[in-house]
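Peer 1: I have a structure here, written as structure tokens, and I will follow up with some questions on it.
Just so it is clear, none of the values below were taken in a lab; they were calculated from the coordinates. Nothing here was measured: the structure is a model prediction, and the numbers come from that model. Every residue, glycine among them, receives a Cβ derived from its backbone with ideal geometry; neighbour counts consider all protein chains shown.
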Amino acid sequence: MIGQVTADLTEVETAAGESALGDVIADAQLAATSGPTTGNAVVAFMNPGGIRADLTFAQSGTEGDGNVTFSEAFTTQPFGNSLVTMTLTGAQIDTLLEQQFDNNEAGQMRILQVSAGFSYTWDAAMPTGSKVDPATIIIDGGAIDLGAEYRVTVNSFLADGGDNFAVLVDGTDRLGGEVDLDALVTYFGINSPIVPNPAPSRISTIN
């Protein structure tokens with residue numbers, strides 16, 4: 001057993017594309033890479049395709065309701081990607097968000113899950129390439145500075161441009177970290193019981 005949940009922790013997305021499980025995974029990755037020796041990250045992004053199963057409250061074996069086993073966590077994150085922390089400019093982060101809306105085919109959406117302290121709004125009525133107003137991108141309570149540099153964590157699949165997030169290939173000062181599943185296990189060990197957010201609101205949409 002790695003920890004507990006108080007209710008189902010699911011990958012069901014809001015209208016804006018955010019999920020309670022995605023929030024927790026992104027938070028775990030930020031926690032694993034935010035320290036001065038692990039990357040100084042201020043935000044983590046997780047690809048939704050890397051989340052393969054919900055973490056349910058009801059027992060799946062003999063572990064008891066609310067308990068989460070390593071096997072269940074592995075089923076949720078089975079790919080064994082390592083974490084990579086890199087430096088991106090605010091403008092590159094804005095580009096990263098725009099690349100969500102032309103992915104994996106033209107006009108197809110793939111919304112990245114984001115860690116606590118990061119939020120933005122996208123406008124469904126705007127054309128591809130202009131759906132996110134940079135003024136809505138907030139990091140740790142302040143509006144993003146397009147010219148400033150930020151430390152960003154993603155998994156190794158994304159870091160290599162996976163899922164058409166090509167801007168991540170240009171990230172600099174890369175620092176490799178632990179396996180993503182290990183980060184989740186550690187996070188559960190420190191923060192259990194995990195209380196799922198019934199109304200994720202880091203990502204919002206209009207129109």
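Peer 1: Which residues in the stretch 1-26 place their backbone N less than 15 Å from a point set 7 Å from the Cα of A199 along the Cα-to-Cβ direction?
Peer 2: Once the point is set 7 Å along Cα→Cβ of A199, 14-16, 20 turn out to lie under 15 Å by backbone N, inside the stretch 1-26.
Peer 1: When the dipole is taken about the Cα centre of the chain, and only Lys, Arg (+1) and Asp, Glu (-1) are charged at their Cβ, what size is it in debye, to the nearest 20?
Peer 2: Working: 6 positive and 26 negative charges, 27 e Å.
Result for the chain is approximately 140 debye, rounded to the nearest 20.
Peer 1: Also, I was wondering about something else. Label T56 and A143 with points 7 Å out from Cα along Cα→Cβ: what is the distance between them in nm?
Peer 2: Each label point lies 7 Å from its Cα, and together they span 4.6 nm.
Peer 1: Taking the Cα atoms of the chain alone, what are Rg (to one decimal) and Dmax (as a whole number) in Å?
Peer 2: Rg, Dmax (Cα atoms, Å): 16.4, 53.
Peer 1: Starting from the Cα-Cα distance between S119 and A91, subtract it from 0.36 nm times their residue separation and give me the gain in nm to one decimal. Don't skip to the answer; put the middle values down first.
Peer 2: Values: separation 28, 0.36 × 28 = 10.08 nm, distance 1.53 nm.
Additional length available on full extension: 8.6 nm.
Peer 1: Please find the FRET efficiency linking N191 to T75, where r is the Cβ-Cβ separation and R0 is fixed at 30 Å, and quote it to the nearest 0.05. Mind showing how you got there, number by number?
Peer 2: Working: r = 20 Å, r/R0 = 0.67.
Step by step, r from the Cβ atoms, then E = 0.90.
Peer 1: Let me ask another. Note down the net charge around D54, summing +1 for each Lys or Arg and -1 for each Asp or Glu among other residues with Cβ under 14 Å from its Cβ.
Peer 2: Numbers: positive: R52; negative: D8, E11, E13, D23, E72.
Within the 14 Å Cβ shell, the charges total -4.
Peer 1: Specify whether the C-alpha gyration tensor of the stretch 31-148 places it in the rounded, prolate or oblate class, a ≥ b ≥ c being the square roots of the eigenvalues: rounded for a/c under 1.5, otherwise prolate if a/b is larger than b/c and oblate if not.
Peer 2: Working: a/c = 2.32, a/b = 1.57, b/c = 1.47.
Note, shape of the stretch 31-148 comes out prolate.
Peer 1: Sort T14, T89 by Cβ crowding within 10 Å, fewest neighbours at the top.
Peer 2: Details: T14 16, T89 19.
In increasing order of surrounding Cβ atoms, one gets T14, T89.
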